[in-house]
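Following: one structure in structure tokens, then a few remarks.
The values are calculated or read from the model by the stated rules, or taken from the named source; none is laboratory data. Remember, predicted model here, so these are calculated numbers, not experimental data. Ideal geometry is used to build each Cβ from the backbone, glycine not excepted, and the neighbour counts take in all protein chains shown. Protein only, heavy atoms only, side chains kept; ligands, DNA and RNA dropped before computing areas. Shrake-Rupley method; radii C 1.70, N 1.55, O 1.52, S 1.80 Å.
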Amino acid sequence: VSDNRDLDLENMTGAMALHAASPEEARAFLSALGDAEQARNELVELSDTAVQLGLSVREEQPSAELGARILDLIATTPQLPPTHDVRHEPHRVPRRRRRVTAALVAAVALVAAAIVGVVVVQSNTGGMSYQQIAQAADAQQAKATVTDGGTVMATWSDDLAASAVKLLGVGEPGEGRTYELWYVSPDGSATSAGLIPTHPGDWVMLDGSMEHGSAIAITIEPSGGSAQPTSTPIAVIPTA
Amino acid sequence: MVIHAALYPGESGTMRTSSESSDEELMARCALGDRDAFSVLYARMSPRVFGLARRLIIDVAQSEEVTQEVFLEVWQTAPRYDPAKGGVVSWMMTMTHRRAVDRIRASQASHNRDLKIGVRDTELSVDDVASTVETIVESERVKAALSRLTALQRQAVVLAYFKGLSHREISEALKVPTGTVKTRLRDGLIRLRDELGVTA
């Protein structure tokens, strides 16, 4: 451990556990943490220690109104779908490491939270072609890394309210599953934008019309697709 | 979603929920949309969550808002809760502290004003931190563990955890470099960890 960055990384665990770091520092710390096993373990232990401080505080009964209000609210609050990680990798990663990983993926969880909402399945591209989008005066392009490997490129036009994606080096979604496209509007609601056919090879048009400021997201769904996302997106491309 | 619908056809009485269920059992039921289980969890945890929020924020209305945020997040993310990632109590208390601190930082302007007005004199001194511990820490075990810290470590840890100050604010208030504050926070927590026998 010879450079300042490393020294700071080691020295940050206490401040992180006590939520005494700025958001920028916290992000930098978590991304620099990487495979630093010792710092990861220390962060978990010091966070648990901070919990002991929290539990030492005198308990206080909140008002009955608050309890009633919260129970009312959850009756109409949708729950997030379970993630793939929880179901498919329960024993592969050591416990300590997984706990820090939970903190690392907090940003992804936020994206997933934005996906839950009212879903309306659409099923037409309005006769638009990729060429039309690519040649639009306001055409834009971006790419994103797919969590399971590979890249997704997107081309869109706000004027045409249309977009298309292309997968590069992305594996098949697996037996009985399919890639599904979504428009996630700025208010957080997700709308199915169709399925990506097996072995697409070329640009795939998204169904429906793209609301300005939407993000394009891809999830893995059971064959035939879902009316609403049931897993964490493997890729998200903001268009604004 | 399909799985949930099959297991849980919209009625909350199919699975027995008792006040003797473990927190983890309750969370597993919450994950299936069981509002009775949530209600038991709320009854069990809300005094801790609200108590901690009040300790940090003081204001009752804002502390209730934080409590509401915490429990809504618990409900929304219940299907993703993984017991191997840490106990329910730890998860919820960490979430509460995080949100309470966010709330305090959101009203940063008034917070800074408070610091200038004299929190420094009445609450930041080593002696007053000691009396803070005496007043707010109920657990004798935690009190004893805190007493094993150096006065400067205890001061930094108490200001960060119970007052919600950032290491930068502590450094400004005490006029010591941020690196020094970070070191005190870390060394203090490590000492506490060892005194309390916390292991991951």
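Can you name every residue in region A:192-203 that is open to solvent by 20 Å² or more (accessible area, probe 1.4 Å) and either modelled with pLDDT of 85 or more or in contact with a Cys (Cβ under 8 Å, 6 or more places away or on another chain) (or both)? The answer is A:Leu195, A:Trp203. Only one of the numbered conditions (1) in contact (Cβ under 8 Å) with a residue 60 or more places away in the chain; (2) open to solvent by 10 Å² or more (accessible area, probe 1.4 Å) is not met by B:Ala100, and that is (2). Considering only region A:50-60, I want to know if a residue exists there that is open to solvent by less than 10 Å² (accessible area, probe 1.4 Å), under 20 Å from B:Val133 (Cβ atoms) and touching a residue at least 12 places away in the same chain (Cβ under 8 Å). Yes: one or more hits.
Count of region B:19-52 residues, restricted to those that are more than 9 Å from every other protein chain (Cβ to nearest Cβ) and within 18 Å of the chain's Cα centre (by Cα), is 4. Would you check which residues across region B:122-144 are surrounded by fewer than 13 Cβ atoms within 10 Å (Cβ to Cβ) and polar (S, T, N, Q) and list them? Of everything in region B:122-144, those that are surrounded by fewer than 13 Cβ atoms within 10 Å (Cβ to Cβ) and polar (S, T, N, Q) turn out to be B:Thr122, B:Ser131, B:Thr135. Please work out which residue is nearest to the other protein chains (Cβ to nearest Cβ), limiting yourself to region B:60-78 and to residues that are in contact (Cβ under 8 Å) with a residue 40 or more places away in the chain and crowded, with 20+ Cβ neighbours inside 10 Å. The extreme case among them is B:Trp75. Taken as a whole, the structure leaves B:Val142 outside the set of residues that are closer than 20 Å to B:Thr180 by Cβ, in a helix (DSSP H, G or I) and either facing chain A (nearest Cβ under 9 Å) or modelled with pLDDT of 75 or more (or both).
Let's see how each residue does on (1) modelled with pLDDT of 95 or more; (2) more than 23 Å from B:Ala53 (Cβ to Cβ):
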| position | (1), (2) |
| --- | --- |
| B:Arg113 | no, no |
| B:Val119 | no, no |
| B:Thr122 | no, no |
| B:Glu138 | no, no |
| B:Val181 | yes, yes |
| B:Thr199 | no, yes |
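Among the residues of region A:17-46, those that are closer than 17 Å to B:Arg105 by Cβ, at pLDDT 85 or above and either open to solvent by 30 Å² or more (accessible area, probe 1.4 Å) or not in a helix (DSSP H, G or I) (or both) comprise A:Leu18, A:His19, A:Ala20, A:Ala21, A:Ser22, A:Glu25. Please verify whether A:Val184 is within 18 Å of the chain's Cα centre (by Cα), open to solvent by less than 40 Å² (accessible area, probe 1.4 Å) and of a type in the set (Val, Ile, Thr), treating the condition exactly as stated. Yes, satisfied. Of all residues in region A:208-240, those being open to solvent by less than 30 Å² (accessible area, probe 1.4 Å) and among the acidic types (Asp, Glu) number 1. Listed by position, the helices (runs of 4 or more DSSP H) inside region B:145-200 whose residues that are surrounded by 22 or more Cβ atoms within 10 Å (Cβ to Cβ), at the interface with chain A (Cβ under 8 Å from one of its Cβ atoms) and under 18 Å from the mean Cα position of the chain (by Cα) number at least 3 are B:151-163, B:178-196.
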